[in-house]
Structures are given as structure tokens and as C-alpha cells.
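The values are calculated or read from the model by the stated rules, or taken from the named source; none is laboratory data. The model shown is predicted, which means the values in this text are computed figures rather than measured ones. Counting neighbours? That spans all protein chains shown, and the Cβs are built from the backbone with ideal geometry, glycine included. Side chains are part of the model used for accessible areas, which takes the heavy atoms of the whole protein and leaves out ligands, DNA and RNA. Shrake-Rupley method; radii C 1.70, N 1.55, O 1.52, S 1.80 Å.
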Amino acid sequence: MNKFLPLAAISLVLAVSCAGPARKEVRSSDRVESLLSKMTLDEKVGQLVLFTSDWSVTGPSMRQGYIDDIRAGRCGNIFNAYTAEYTRKLQEIAVNETRLGIPLLFGYDVIHGFRTVFPINLGISASWDIDAVEESARIAAREAAAAGLHWTFSPMCDICVEPRWGRVSEGAGEDPLLGSRISAAMTRGYQGGDLSDPSTVLACIKHYAAYGAPQAGRDYNTVDMSERWLREFYLPPYKAAVDAGALSVMASFNELDGVPATANYHLMQEILRDEWGFQGFVVTDYTGINEMVCHGYAADEADAGRLAINAGIDMDMQSAAFFNYLKEQVESGAVSRKTLDRAVRRVLNVKEALGLFDDPFRYCSEEREASETLTDANKAFARKLASESMVLLKNDGVLPLVKGEKVAVIGSLAASRDDLLGTWRAAGEVDKVPASILDAIREYNGAANVVYAEGCKEQGDDRSGFAAALAAAKRAKKVVMVIGENCHWSGEAASRSDIRIPGVQSELLEKIAATGKPVAVVLLNGRPLDLSAESETAGAILEAWYPGTMGGYAAADVLYGEYNPSGKLSITFPRNLGQVPVYHYAKNTGRPYVHPEAKYESRYLDVPNEPLYAFGHGLSYTSFDYSDITLSRPIFAENGSLTASVTVTNTGAVAGTETVQLYIRDLVGSVTRPVKQLKDFARVTLGPGASETVTFTIGRETLSFWRQDMTFGPEPGDFKLFIGGASDAVKEAEFDYAE
Ligand code: BGC
């Protein structure tokens, strides 16, 4: 039973500025204010507590007795619980058995799909297909909301240039512009146009901030960078999601400039709320409050809780610091009543925006759960997105395969359906994955034309399967080797100190290649790998990431040319770990490497400076020719703009999609500028022989950066502009900006 009478006051005001993006301003309604006035201290604290259920546990600690806490009105939010049936059961306790009947908020990590699992986010970002990214979040929201969920802990907006870090798999790669477009698209997809629509879910921007820059790539490790670097390269995707209307933010585990993000006033108040105008609530990450004791920032858990709420945290995920100490701290004055009320108000406002006070059970729907989950349409979309996310790194002509030709498939990962789902697979289940890569190749090619040998596992040094794999290769016309990392080697707490392909997989590849049979490698993995050895031995390399529920079929679609690969790397692949960090927006230095054999220049003695596969790289089964760049004018002034156009022609025999990329260099600045920085991109699909002119507009915003005085804007002077199909394959032009 809903204890709340519908009130006239409307709480959600959608303020759409013509000049800028939509931002939802949540103001407190009469209903929220009236509720607040009736709440006891215990009840208020309860609204700031988020405990995990015992369904799945995504961190180190587990509090028993969450159902009793809900019943006592001391836990107002639950994560890791889903299905319409179970969330209804818990919601009934909150609504019917507590004094005020405030509905629970149910959160979950719906990161790349809910039951229909899409490719991992690093893979999705390699599609550069922003509409498809939004649609994937829309589908995930529909499936999750039907299972009673209101809130996803996504989008993950952490820029990363650190392949050792296991969580690089969860983000959109290295670039702030691409990352921003993706975080905004995901937010729109999750939240839709109206949060109270029961097919949408609340987005949570995470991990705020700069979690993707841990020293040495070790998860949870120290982060330190200049304020300028933070603002220029790390903050934009978080801000883009705020601008798109996301109403919750998760503080990250790391410290930044010596202060843990969980108690970082500068991040949570000065930047997020004061500068960006964020209106929602901020939740900690899992036990983020307790961890400030280990950080050496708080004396004990109580102190940590006080520091967190006073710095801007509204909700405590799983640490129980608010649960145990906050009431007493408010009574003693260590935390003001105003601070407490402000946090409670923010949480209640979001519950109201979700429509929970009107109908707390609106999200739980067995019917929708059955009819909208894992539908044929969702799976078809997942298959297409998985194909789009795959990046053809190398191809000497081995691919595409020809149907009916005998093929040897080798590698334990080829037969795995589990690994296709990757990390953070939400409610995705292995038995809902219809085909491994091997199964799909068999379907495409006829089982009689496929010979499979495991060869070796993806880990360990067992070479006993080598002989059978070599024999299989000899019987076939071509070989497909599926190698990489298993799905547990990516994601949280999965950092590596070596980014080469593990075990004896590469050794086997070398032996197979030595038979003279053409070999195509398909990679399953969640990070940039050092592929310097494989790029020498394999004829083709297809980066398939962890491609999700339909990933087996998607890989076969690409291998057989049913889908012409179009993915482009959203992160640089280094030659070896020694080059890391290596990314496309590097600066020139005072001694750039320009002279072969020069000594006193910024270079390595043992490898070139260039990475193995540059940001934006990705091949196709066709080829694209770029015309020279045409500028609408050579110079433009403030409030003006110029356009830069190229004509792209498909010069091959099959249709294909190309992502045309625009980069810019500001030659002289009050602070030094990157030699190339992505500023825009466009996808074009062209039939054989077809051409299209792609035009980019360059305005003040395109040239803006954090200047020496920390204002954001452009500076007059000379610029270079580059357009091409990869950051290392571009045409060049020059223009001036005058003020
Ligand atoms: C992760 C978050 C996640 C949370 C809840 C934490 O360990 O860092 O990304 O949302 O757990 O599962």
C-alpha cells in the first residue's frame, strides 16, 4: 500500500537551455519537505544507508541482517538484489512495515547490459557509434527496470592510459572527447526523457574522479596529477554525464592530491556542485568510507564518516559508518542537522523523480521481465553492436574467410561461452549465450569443414595439446586461433604487471604459423596488450574484446565478411609495457624525436616512439581514400567558425563503414598543447566506389583549453588540423584563429 497522497507540487523541473545540454533540476516538493519534517534522526540516517543484499557480493565485506535493517527503517537503499519478485518482497517490507513507508531504491551494476550482455565498454567504445551506445543503455535499462531495479552504477567515465589496470575494460578508453560523447549517450539511454517512466533507470557517474590513473596500474592505488591535466583530460566525461542529466555520482576509491575522493570537498562541492551545477546525490564506492582509515586520512570509521558527509557524500555504500555513528554525530554537533537534511533531501528528491512515492512497485513487473528480457530484437542488436566493436588490427589477406573452406580452430577460448560475457556481466548467464566462437564458425562453415583442437589453455604452461593443434592446422586451409585473457583477468582487482598474452598461447601461435598455413588471430581480452610478437607471426589480428551474449556469432560475422569490420581503437596499443603511458594527445617536449639516430632527443634506444597500434586505428575489408582537406577560410575570429571538409571514397570492392577523425594542434599556447588531439569524428558508410564529403565545423569551443590562468577558452594563433582514418594516418591543413 502506498502511504503517500499525490500532491500538487511538481518536483522535477526539466530545464532545457537552448544554448546548452538538458539538465534536470530536482527541487524538493512539498511531499519531500513534509516527509522530512516527520522523520526521526534514525529514519533520516536510514535514507543515507546503502547495503548489499546477499544475492551477489561485489566487494570485501558483507553485513548480515539487511532485511531487519530495512524493517527497522534503518536502511533505505539496497544493491545487488534484483528480479521483480525479490525486489517486490523487500519493497513491501519498506513500504508496509516501516513507520513512514519510504520506498527502497534498488541499485545494481548494469554496466554493459543486464540479461542481454553487450561487449565490454572498452569494446563498445571502439564502435565510435554513439547512437548504438545510447541504444545499448536503453535496452539495458528496460531489462533492468523490469527486474525491479531503479539505479545502475554506470556510466563508468574513467579515462585511462594504463593497460595494466584491469578496469580499463570498463571505460571508453583514453580520449576525453570520445569518452564524453559516450558517457552522455549512456546517461540518455539509461534515464530516457523521463526518469519516472518505469522503463528507465537512474544513471550513476563513476568513479569520480580520476580512478583510471592509478600509479603503476595497480587497482585502488594513489592518483596524483595537476589540476590542469585533471580538468583537461580526466574530468570531461564525468561532466558530460552531469550535463546529460545524470542524478547520481559515485566517489572513487583513490586519493587525489593526497585527499581520498570520498572526503574530497574540492571534487564534490567546488567542482561537481558549484561549477557544474549537479543536483543529485553522491554515493561512496563500496566501503569507501572505512577505507579512509587505511588511507591514513581518518583516525577511525566514525571520523571517516564525519569527514565524508561534511565533504559532500550523501549515501554510504556498505561501510556502515553512517549506520553506526551518524546519529550520534548529529546529536553531538560533529555533523550539522543542515548537512544531514541536505543529504536526505537529495536522496528523497531522486526517489520522487523516479516516481517511487507514487507507486513504489512500478518497476517490479514479472510480465515485462518475461516479455522484454533477452528478446530476439535485443539479441540481434547485441550481435550487431558486438560486430561493430571489433577492431581489425592487422590483415595481410587471410580474412575474410571463405565459406566452405576447411578451417582449423585452435585455443581454449574458442570453445568458451563464459569468457564471451567478460567482467561485470550483471544478470547475464552462460546458458543464455547461444554460441561460442567455435560453435558459430561451425554453423557458418558446416561442421565437417571445421577441425577443432584446444592446443593449450589460456593460462599455464601445458604444451601437451600442441601436437594435435599442429596436426589440425596441417589438415586445414586456414587457421583461426582464439587467444587472449580469460574473463577474470579484466575488471576490478585484475591488474597485471605484464601485458603480453599469458601462458603458452603465443608459443603455439608461432609454431602454427611456422607450418605456413595462414593464421588469423581472434583476441578475447579487456585491455591493450603487447602484441609485438603476435603482430609478426599472425597474418591477421581481430580484437574482439569480450563481446557479450551474441559475441560468438558476431565474431563469425566479421571473420566471414558478413559484417565488414569498422571498429577503431579507443585506446593506444603499445609495443611493450616500457612505452606506457602512450596516448595520442602527447606533447612535443623540448627535444622531440625527429632525427634518426639522434641521441639527445626524447626517444627509446630499443623501440620506436610510435605505438604498435595507434589510437583510432582499425582496418576494413575495403579501403578508403581521403582527399586533401578543404577549409572554408584560412582564418576565423571569435564567435565565428570555419569548416574543414574531406571527401572519403570507398576504393575497394565491398561496402564498409569508416570513422573519419578530426584532430587539432595549437602551435603556441600559454601552456603547451598536445601535438594531436581528437576534436570530432563522423561515421560514414559507403558502397564500393562511393564517395561522401564529410564536413567538420571548428569554432571557439573546439580550440578551448585550460589556459595558464586556469580560465577555459581559446588563444589566438596558428593551428594545424588533421583529418584521417586513424590518429597516425591523417591529411593536414593549417588555419589561424584571431581575436
Ligand atoms: C566497484 C564499483 C561498483 C560497486 C558496487 C565496487 O567495488 O568499484 O564500480 O559499482 O563495487 O558493486
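Under the 0.36 nm per residue contour assumption, what length would be gained going from the current alpha-carbon distance of T697 and S623 to full extension?
Gain on extension, T697 to S623, equals 24.1 nm.
Using a 10 Å cut-off on Cβ atoms, rank the peptides 680-688, 499-507 from the highest mean neighbour count down.
499-507, 680-688
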Please list, in order along the stretch 450-464, the HN-Hα scalar couplings obtained from phi with the Karplus expression 6.51 cos²θ - 1.76 cosθ + 1.60 (θ = phi - 60°), rounded to whole Hz, x for Gly and Pro. 10, 10, 10, 9, 5, x, 7, 7, 7, 9, x, 10, 6, 9, 5
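Find the Cα radius of gyration of the stretch 203-352, compare it with 2.2 N^0.38 Å by division, and give the number to two decimals.
0.99
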What is the Cα centroid distance between the stretch 185-205 and the stretch 213-274, reported in whole angstrom? 22 Å
Stretched out fully, how many nm does the piece from N639 to N588 gain, at 0.36 nm a residue minus the Cα gap? 15.4 nm
Going by average Cβ density within 10 Å per residue, which order do the peptides 108-120, 197-209, 128-140, 395-407 take, highest to lowest? 108-120, 197-209, 128-140, 395-407
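Set the Förster distance to 22 Å, then compute FRET efficiency between A299 and M710 from the Cβ-Cβ distance, nearest 0.05.
The value I calculate is 0.05.
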Could you check the simple spin-label distance between R218 and V607, using points 7 Å along Cα→Cβ, in nm with one decimal? 2.2 nm
Considering only protein heavy atoms and a probe of 1.4 Å, how much of the accessible area of the chain is carbon and sulfur, as a whole percent? 49 percent
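Enter the accessible area per residue of the chain (Å², integer; probe 1.4 Å; all protein chains in place). Let's see the in-between values first.
Values: 25710 Å² over 739 residues.
Averaged over the residues of the chain, the accessible area is 35 Å².
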What is the spin-label model distance, in nm, from L577 to E739 if the labels are put 7 Å beyond Cα along the C-beta direction? 4.6 nm
If each residue of separation counts as 0.36 nm, what is the full-extension length gain between E597 and N310 once their alpha-carbon separation is subtracted? 97.6 nm
Taking 593-600, 34-41 and ranking on average Cβ neighbours within 10 Å, highest first, one gets 34-41, 593-600
Taking only the Cα positions of the chain, the convex hull volume per residue in Å³ is 161 Å³
Quickly work out the A514-to-E275 label distance, labels modelled 7 Å from Cα along the C-beta direction, and quote it in nm with one decimal. 5.7 nm
